[in-house]
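Just below is one structure, and these are the notes that go with it.
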Amino acid sequence: MAYIGKGDFMKVILGCVLILSSAAAVWGAQATKMQFALNWKAEPEFGGFYAAKLSGYFQKRNLDVEITEGGAGTPVVQMVANSKVRFGIAAADEVVISQARGTDVVALFAVYQINPQGIMVHPERGFKSIADVFKSPGTLAIQSGSPHALFLQSQFPGYRVTFVPYAGGIATFLTDPNFSQQCFVTSEPLIARRKGKPAQSFLIADAGFKPYGTVVIARRQYVEKNQNQTRDLIDAVREGWIEYLRAPEPANNAMAKLNPAMDAVSMKDAAEVQKPFILGAGTPAKELGKMTMERWSTLIDQLYDLKLIKTKPAAEKLFQRF
């Protein structure tokens, strides 16, 4: 057996290190970089995306995904439509309106099969439904001109409630017993209770407006040219959501560092409360995120009746199945 001196041995080791470094550099160069834009802060409604990143589901598909937080008014649909980002998050009604205005934005995956958007009220007022909120005096903070606001106004004409702009947060709700507001039933009511204020909520979906929520979107042009990469991304997202539904703690911890306004207990509670909105009882995990033509067709008709769109886009053009 040939003798390897100390100097030669170090050369061999150095050579191995260089080879491994070169291989890693090649892998890194081949990884597809893409930005994934959220429309709000890091909260459990995005937990599956963070779980996909933390668990390496993007990485194993050679995707280098940067998740960026949003905030009030973040124009994610426009960012995607103008190719500022490859993928983003929007509501289904935004997709319909965007296409009706001439863009090629399409939906790829819907986190919320039941939209958790709702109206939060004080239990002591004795309301039994959203109809009672609209028929009673008081104040309702809601996003003026939004599809859900216009739909509710159309469903409950002759309302007595006074509308004010929704400014976010729950500060006024905590101090005004006659104040109601729009909310995510998986978020604001939990925060209110944590602050010692009882809260009751009603789903807007129960009134008949049921757009998919937290929808992954992209440009159709990009998707058609990059079918494999898009499929890989959606497969990773689906794995991430399966992981998050099973064990949300790692992603919650990561999101809490990004969004200290939401404490760990609220993160945990929201992750639990939102489960039936994402995956119904008995629904196989492989169906996570999938959408139907019927739901899109109904939404198109509703937005047209509300005069939010002048032309009806074809339902089959609004989404792609992966």
Please compute the Cα-Cα pair-distance distribution of region 43-196 with 5 Å bins starting at 0, giving whole percents from short to long.
2, 7, 14, 17, 17, 15, 11, 8, 5, 2, 1, 0
Name the lysines eligible as straight-distance cross-link partners of residue 307: C-alpha to C-alpha under 23 Å, and not fewer than 8 places from it in the same chain.
210, 317
Give me the three principal axis extents of region 112-267 from the C-alpha atoms, as integers in angstrom, largest value leading.
54, 35, 23
Given the rule -39500 (n - 2.57) for each run of at least 4 DSSP H residues, summed and divided by the residues of the chain, what is its mean residue ellipticity at 222 nm, to the nearest 500 deg cm²/dmol?
-12500 deg cm²/dmol
Where does the charge balance sit around residue 230 when Lys and Arg score +1, Asp and Glu -1, over other residues with C-beta under 12 Å from its C-beta?
+4
Each label sits 7 Å from Cα toward the beta-carbon; between residue 54 and residue 128 the label points are separated, in nm, by 4.3 nm
The chain, accessible surface, carbon-and-sulfur percent (1.4 angstrom probe)
54 percent
Among (1) 15.9; (2) 21.5; (3) 19.0, find the value of mean projected area of the Cα convex hull in nm² that was calculated from the structure presented, and write down its label.
(2)
Could you tell me the largest-minus-smallest coordinate of the C-alpha atoms of region 192-322 on each of the three principal axes, in descending order and whole angstroms?
47, 37, 31
Can you work out the accessible area per residue across the chain, with the rest of the protein chains kept in place, probe 1.4 Å, in square angstrom?
49 Å²
Given the C-alpha centroids of region 38-104 and region 149-186, what is the distance between them in whole angstrom?
27 Å
Which number comes out as Rg/Rh for region 84-129 once both Rg and the Kirkwood Rh are worked out on C-alpha atoms?
1.19
Surface accessible to a 1.4 Å probe, residue 210 within the full protein complex, Å²
110 Å²
Roughly how many Å² of residue 54 are accessible to a 1.4 Å probe, to the nearest 10?
100 Å²
Counting other Cβ atoms within 10 Å, keep those with at most 15, restrict to DSSP loop, and tell me which chymotrypsin sites (Phe, Trp or Tyr not before Pro) in region 95-130 are left.
none
Residue 257: which lysines have alpha carbons under 18 Å from its alpha carbon, excluding same-chain residues fewer than 8 sequence positions away?
41, 53, 268
Could you sort 41, 275 by their accessible area in this structure, using a 1.4 Å probe and putting the largest first?
41, 275
Output the direction-averaged projected area (hull surface divided by four) of the convex hull of the alpha-carbon atoms of region 239-292, in nm².
4.2 nm²
Normalised radius of gyration for region 101-165, please: alpha carbon Rg relative to 2.2 N^0.38 Å, two decimal places.
1.39
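The values are calculated or read from the model by the stated rules, or taken from the named source; none is laboratory data. Computed from a predicted model, the values in this text were never measured in an experiment. Glycine also receives a Cβ, built like all others from the backbone with ideal geometry; neighbour counts cover every protein chain displayed. All accessible areas refer to the heavy atoms of the entire protein, side chains included, with ligands and DNA or RNA removed. Shrake-Rupley method; radii C 1.70, N 1.55, O 1.52, S 1.80 Å.
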